[in-house]
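S.K.: Okay, here's the structure, questions in a sec.
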Amino acid sequence: MADMIRYFGKAEGRVQGVGFRMYVQQNAMDLGVTGWVRNMEDGTVDMELQGTQEQIDKLEAIIRKGNYFIHVNAFSLEAIDVVPDETGFKIRY
């Protein structure tokens, strides 16, 4: 799909030990976004998100909003190359 884009993202804040990866995965799947999410040793969470700009914008808003447990203090996105034929959204360990 020509309108597909992919971003590398990094979330900082209260994003580990609070179900953040499952939160991102569930919302990504609901929106049809593919990619992955992974906890980092420094307490941040890295991810790659692929979809249309509209899908990514919606997911970014959800991530930034968080929930009762999740508090994202900083979230950055950097455009990267699309991964062809990717399906699903995985939690990496």
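Coordinate-derived values only; no laboratory data. Fair warning: this is a prediction, and the values are worked out from it, not measured in the lab. Please note: Cβ atoms are built from the backbone with ideal geometry, for glycine as well, and neighbour counts cover all protein chains shown.
S.K.: In sequence order, what are the phi-derived ³J(HN,Hα) couplings for region 85-93 according to the Karplus relation 6.51 cos²θ - 1.76 cosθ + 1.60 with θ = phi - 60°, rounded to whole Hz, with x for glycine and proline?
M.R.: In residue order, the calculated couplings are 6, 6, 10, x, 9, 10, 8, 9, 10 Hz.
S.K.: Whole-Hz ³J(HN,Hα) for each residue in region 54-62, computed from phi via Karplus 6.51 cos²θ - 1.76 cosθ + 1.60 with θ = phi - 60°, x for glycine and proline: what do you get?
M.R.: 3J(HN,Hα) across region 54-62, in whole Hz: 4, 4, 5, 4, 5, 5, 4, 4, 5.
S.K.: In nm, give the distance between the simple-model label positions of ASN73 and THR44, each being 7 Å from the Cα along the Cα-to-Cβ direction.
M.R.: 1.3 nm
S.K.: Would you compute, for the Cα atoms of the chain, the largest minus smallest coordinate along each principal axis and list the three values in descending order, in whole Å?
M.R.: Reported extents, whole Å, longest axis first: 36, 23, 20.
S.K.: So what J values fall out for region 7-15 if you push phi through Karplus, 6.51 cos²θ - 1.76 cosθ + 1.60 with θ = phi - 60°, rounded to Hz, Gly and Pro as x?
M.R.: Rounded to whole hertz, the list is 10, 8, x, 9, 10, 10, x, 8, 10.
S.K.: Could you tell me which of GLN50, VAL83, MET29 has its Cα farthest along the dipole of the chain towards the positive end, charges placed at Cβ (Lys, Arg +1; Asp, Glu -1), taken about the Cα centre?
M.R.: Highest projection toward the positive end goes to MET29.
S.K.: Using only helices, what value at 222 nm comes out for the chain when you add -39,500 (n - 2.57) per DSSP H run of length 4 or more and divide by the total residues, to the nearest 500 deg cm²/dmol? All intermediate terms of the calculation are to be shown ahead of the outcome.
M.R.: Numbers: 2 runs with 25 residues, N = 93.
So the helix-based figure for the chain works out to -8500 deg cm²/dmol.
S.K.: I've got another one for you. Compute the helix-to-body angle for 20-31: its Cα long axis versus the longest principal axis of the chain, expressed 0 to 90° and rounded to tens.
M.R.: Computed tilt is about 30 degrees.
S.K.: Summing +1 for each Lys or Arg and -1 for each Asp or Glu, what net charge is found among the other residues whose Cβ lies under 13 Å from the Cβ of THR44?
M.R.: 0
S.K.: A further question follows. So if I place +1 on the C-beta of Lys and Arg and -1 on the C-beta of Asp and Glu, and nothing else carries charge, what would the dipole magnitude of the chain be about its Cα centre? I want it in debye, nearest 20. Intermediate results must be reported in sequence, preceding the final value.
M.R.: Working: 10 positive and 14 negative charges, 86 e Å.
Approximately 420 debye in magnitude.
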